[in-house]
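No value in this document is a laboratory result; all are computed from the given coordinates. Since the structure is predicted, the reported quantities are computational estimates derived from the model, not experimental observations. Heads up, the Cβs are rebuilt from the backbone with ideal geometry, glycines too, and the neighbour counts pull from every protein chain shown.
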Amino acid sequence: MPLNERKIVRIILEECKNIEERCTGYKEELEQVISDIIAAERQHKVGSRTNILQQISNKCNATGRFLKDQRRQDRQV
């Protein structure tokens, strides 16, 4: 990965630490999803014939479901 991309990734992951903890494990989940999206983008960039928009949409939807489920669990505790 070129130096510029590494710097961008590092900045994005650092900014995740400033995000409000909306539920237990939210920041960690967000960091994982961002890492997955960056990896998918990198794969797409080198010629992988994937539907990158669908992959990103799926990741965002999965994170939304995680947030909903965790918030429900956090309220029950």
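Helix-only estimate, please: 222 nm mean residue ellipticity of the chain, summing -39500 (n - 2.57) across DSSP H runs of length 4 or more and dividing by its residues, to the nearest 500. Can you show the working numbers first?
On the way: 3 runs with 59 residues, N = 77.
It comes out at -26500 deg cm²/dmol, rounded to the nearest 500.
From Cα pairs below 8 angstrom and at least 6 apart in sequence, can you work out the relative contact order of the chain, rounded to a whole percent? Could the numbers behind the result be given before it?
On the way: 32 pairs, mean separation 26.9, N = 77.
The value is 35 percent.
How many lysine pairs in the chain, separated by 8 or more positions in sequence or lying on different chains, have Cα atoms less than 25 Å apart?
Step by step, the pairs that qualify in the chain add up to 11.
At most 14 other Cβ atoms within 10 Å and a DSSP loop assignment: could you name the GluC sites (Glu not before Pro) in the range 1-35 that fit? Walk me through the numbers on the way to the answer.
Working: sites: Glu5, Glu14, Glu15, Glu20, Glu21, Glu28, Glu29, Glu31; in loops: Glu20, Glu21.
Of the GluC sites (Glu not before Pro), the ones in loops of the range 1-35 whose Cβ has at most 14 other Cβ atoms within 10 Å are Glu20, Glu21.
At 0.36 nm per residue, minus the direct Cα-Cα distance, what do Ile19 and Gln70 gain on full extension? Give it in nm, one decimal, please. Walk me through the intermediate numbers first.
Values: separation 51, 0.36 × 51 = 18.36 nm, distance 1.64 nm.
In short, 16.7 nm is gained.
Could you work out how far helix 52-76 tilts from the main Cα principal axis of the chain, as a 0 to 90 degree angle to the nearest 10?
20 degrees
Which value, in debye to the nearest 20, describes the size of the charge dipole of the chain about its Cα centre when Lys and Arg Cβ atoms bear +1, Asp and Glu Cβ atoms bear -1, and nothing else is charged? Walk me through the intermediate numbers first.
Values: 15 positive and 12 negative charges, 42 e Å.
Using Cβ point charges on Lys, Arg, Asp and Glu, the chain gives about 200 debye.
Across the range 26-38, in residue order, what do the Karplus-derived ³J(HN,Hα) couplings come to in whole Hz, using 6.51 cos²θ - 1.76 cosθ + 1.60 with θ = phi - 60° and x for Gly and Pro?
5, 5, 5, 4, 4, 4, 5, 5, 4, 4, 5, 5, 5
What trypsin sites (Lys or Arg not before Pro) does the chain have in DSSP loop regions with at most 16 other beta carbons within 10 Å?
Working: sites: Arg6, Lys7, Arg10, Lys17, Arg22, Lys27, Arg42, Lys45, Arg49, Lys59, Arg65, Lys68, Arg71, Arg72, Arg75; in loops: Lys17, Arg22, Arg49.
Here the sparse-neighbourhood loop sites are Lys17, Arg22, Arg49.
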